[in-house]
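Asker: Before I ask anything, here is the structure I am working with.
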């Protein structure tokens, strides 16, 4: 007998909540043992996982998905190795649970201690890449959270196979299998059912396109931490070292253009535009980048397509770059405020006061002076892991790792104090 | 010409967002000068505010509101003095904005600094007490946030009068008046319009009854930090100092029963019930507390009404107490997990291992050993202020003060670093 989907999802979430209670008080060594078992299970069940993935790939080809998308969902041996390596890296990270964030005594003698505790049940809604299943499962487990995973329809079989290996590992480590669950359907109704369960799921983290995230925000009763788009800027100030600016601009655009921390718009101060632009655009074109520019850019560099109003708002995730010449630092900051997505923005300058104004006034999760926006990343920040990059302002901003998967509680120790 | 309500609210929120940009970079001294002007304006306009409040009170009497509710919305001279004193206290608190939470160098030489910044635009939806208007305005201003306030219909005139004094003070201090706004209607549509503006309002903090909060969670596209109910417990362990337990139980119930951190259920270990209960219940009854008990309680103490399943879930906010005798620490923890609201829960015990288990396993915002739950409060915790008590897990848990009205950004300082 099968239950209707909303009832199935409710049962999964209830079991996850029970599991979360257990995980919250599971010692580090036991969680690490379960992670070790997960790594082993993924290695041992490689053939079964590759088989499930092959079926997903075949279906995707039949559905006419783009080669880029098919590449994203394909699990090669190298990618399976990486999934295992990532779990092993999580084992080596410090357990955030139980850490004392702060403690102090009140004049009445009360000892107040702010202590890290898990969030509870984390819901993750994501698209395409099946490695997210094991990455998120391991990060949630290490931070004492249960996780309910809902991957895309296009990787349904792969995700189920990975989750099944993980569940065997949990059972082997004597932890509740419900610590890691997947929604057992590729239907949209599975997501909708999840988003109503604010009594059972503590936070939803969507990772995916704008449309997916929009729908989730509209429907969710559960707090959401968005992992939305990055329309990232590099501003080359009048006081920039132009050689450094060129290196940074090319890295920010070309090193991995499909990531959310890649540059989408280059802003150049008019005083250095003539010296800077022709050379950098020539090098970008060598790297196959298509340039769309403002009128002034087009007057300085031949064969540049005009950038439309829409271009300034666009996250290309591709070898396309919009270029604008601005008259001042103020104009650069205004452009970023208006068109940016408050993800990662950089200034290249050797003027200290310009750098300070940019860092203070650009209200993005990560603001840079004289460095590439590509560093917005949990590993590059030294956090040792990454569950994603929050574009929200509440709870966590920018790269999210283990600490960001926790909240806190106040532990208050008295000797009979009462309130007067 | 008047615009439809959703358009008016949109304009208010747009202006608030502009104001938030200014406030985020306003120096502490200027914010403090504005707070000083606010305190003066409230003093100077006392007669006008009392007049508006008198009209609210008269209307409330006409509408047949309960005396308790009318008391809550009435502004006496003493309450107006307190509003001014609270603003003066906020002036003396340290400005959280710009504080460096952490900083470190990466091996590649990047300096990464996690810096406190304001949340942006804070929406507050509240009921009854008009002092919330000035309390929240001053806390948001000090923490560099713009605020959009939506008080209850029953205090509409009072809130408008207070906000108008505040706006004059902002203008006098040369800060944007839109830093503090009120929704200019008592209609429900004003709230609905607010809750759609997730591009303009960064967080909504509802303070009020369960029904209000439920509706907000269902409709809001903006992240919500709930200030919901407190079903708080005191558990008297078998190893408790019974004299201390009695003092704590009476304080937690009677010192101010209408607050969210007052005890609603007393749990007593069966081994001490006979020695403890008759005496504490006698004293509670002297303080006019009605007792509702489990079967065992009723067998030990005469004239106790039976507690129903619903009682265990209920936040009485009144001189009513439910009492249950439990067989073990486990049963006490299970009861709290099942019926509590994860607000504030206490154990009275002199057994260190019981205390530790309770503190670890009871997953509430504030867990106490040997102290009254009534200490869950921003002032009592030494935070110097309180915008409310979060019953959510994300971003802020328990008492929220100035730091909890901020988020952070990463400031990254390089010397030309690019990603390999």
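What follows is calculated from the coordinates using simple rules that are stated; it is not laboratory data. Keep in mind that this is a model prediction, so the values were computed, not measured. Positions of Cβ are generated from backbone atoms using ideal geometry, with glycine treated the same way; all protein chains shown enter the neighbour counts.
Asker: Nearest-to-axis residue of chain A, judged by Cβ, for the A-to-B rotation, with distance in whole Å?
Answerer: Smallest Cβ distance to the axis, with its residue: A:395, 2.
Asker: Under 10 Å, Cα contacts only: if you run a Gaussian network model on chain B, which one of B:339, B:379, B:410 comes out with the highest mean-square fluctuation?
Answerer: Result for chain B, Cα springs under 10 Å: B:410 fluctuates most.
Asker: Pick from B:65, B:110, B:394: which is most flexible by mean-square fluctuation in a GNM of chain B where alpha carbon atoms under 10 Å apart are linked?
Answerer: B:110
Asker: Right, another one. Using only Cα atoms and rounding to the nearest 10 degrees, what angle (0 to 90) does helix A:210-219 make with the longest principal axis of chain A?
Answerer: Helix A:210-219 sits roughly 50 degrees off the main axis of chain A.
Asker: Checking the a/c ratio against 1.5 first, then a/b against b/c, what shape does the Cα gyration tensor give for the protein assembly as shown? Kindly include the intermediate steps, with their values, before the conclusion.
Answerer: Values: a/c = 2.04, a/b = 1.28, b/c = 1.60.
Oblate is the answer for the protein assembly as shown, as a/c is 1.5 or above yet b/c matches or exceeds a/b.
Asker: Output needed: percent of Cα pairs per 5 Å distance bin for region B:316-420, bins running from 0 to the one holding the longest distance.
Answerer: Reading the bins upward from 0: 2, 10, 16, 19, 15, 12, 8, 5, 4, 4, 3, 2, 1, 0.
Asker: Among DSSP beta bridges lying fully in the protein assembly as shown, give the percent that are antiparallel, nearest 5.
Answerer: Percentage antiparallel, nearest 5: 25.
Asker: From the Cα gyration tensor of region A:232-375, with a ≥ b ≥ c the square roots of its eigenvalues, which class applies: rounded if a/c is under 1.5, or else prolate if a/b is larger than b/c, or else oblate?
Answerer: Working: a/c = 1.35, a/b = 1.18, b/c = 1.14.
Because its axes are fairly even, with a/c under 1.5, region A:232-375 counts as rounded.
Asker: Also: Counting other beta carbons within 10 Å of each residue's own, what order do B:116, A:92 fall into, fewest first? Mind showing how you got there, number by number?
Answerer: On the way: B:116 20, A:92 10.
Neighbour counts put them in this order, fewest first: A:92, B:116.
Asker: Could I ask something else about it? Taking Cα atoms, how many degrees apart are the long axis of helix B:77-92 and the longest axis of chain B, rounded to 10 and kept between 0 and 90?
Answerer: 70
Asker: Using alpha carbons only, how many degrees (0 to 90, rounded to 10) separate the axis of helix A:242-254 from the longest principal axis of chain A?
Answerer: The answer is roughly 50 degrees.
Asker: Got a sec? How would B:105, B:233, B:227 order by Cβ neighbour count within 10 Å, fewest to most? Each step should come with its number before you reach the end.
Answerer: Working: B:105 11, B:233 28, B:227 22.
Lowest to highest Cβ neighbour count: B:105, B:227, B:233.
Asker: Okay, next question. Tell me the distances, shortest first, between residue A:29 and the same position across the other copies, using label points 7 Å along Cα→Cβ, in nm to one decimal.
Answerer: Once sorted, the set of distances for residue A:29 reads 5.8 nm.
Asker: Quick check: from the Cα gyration tensor, does region B:288-329 come out rounded (a/c under 1.5), prolate or oblate? Could the numbers behind the result be given before it?
Answerer: Details: a/c = 1.88, a/b = 1.22, b/c = 1.54.
The shape class here is oblate.
Asker: State, to one decimal in nm and shortest first, how far the label point of residue A:299 sits from each corresponding label point in the other identical copies (label point: 7 angstrom along Cα-to-Cβ).
Answerer: 9.5
Asker: Here's a follow-up. For region A:158-189 and region A:1-37, write down the distance between their C-alpha centroids in whole Å.
Answerer: Using only Cα atoms to place each centre, the spacing works out to 9 Å.
Asker: Along Cα-to-Cβ, 7 Å out, sits the label point; list in nm, shortest first, how far the one on residue B:186 is from those in the other copies.
Answerer: The projected label point of residue B:186 is separated from its counterparts by 5.6 nm.
Asker: Counting other beta carbons within 10 Å of each residue's own, what order do B:180, A:148 fall into, fewest first?
Answerer: On the way: B:180 29, A:148 26.
Lowest count first: A:148, B:180.
Asker: Rounded to the nearest Å, what's the spacing between the alpha carbon centres of region A:297-323 and region B:321-355? Just the number, please.
Answerer: Cα centroid to Cα centroid, the span is 63 Å.
Asker: So how compact is region B:209-297: Cα radius of gyration and Dmax in angstrom?
Answerer: Values for region B:209-297 (Cα only, Rg and Dmax): 16.8, 53 Å.
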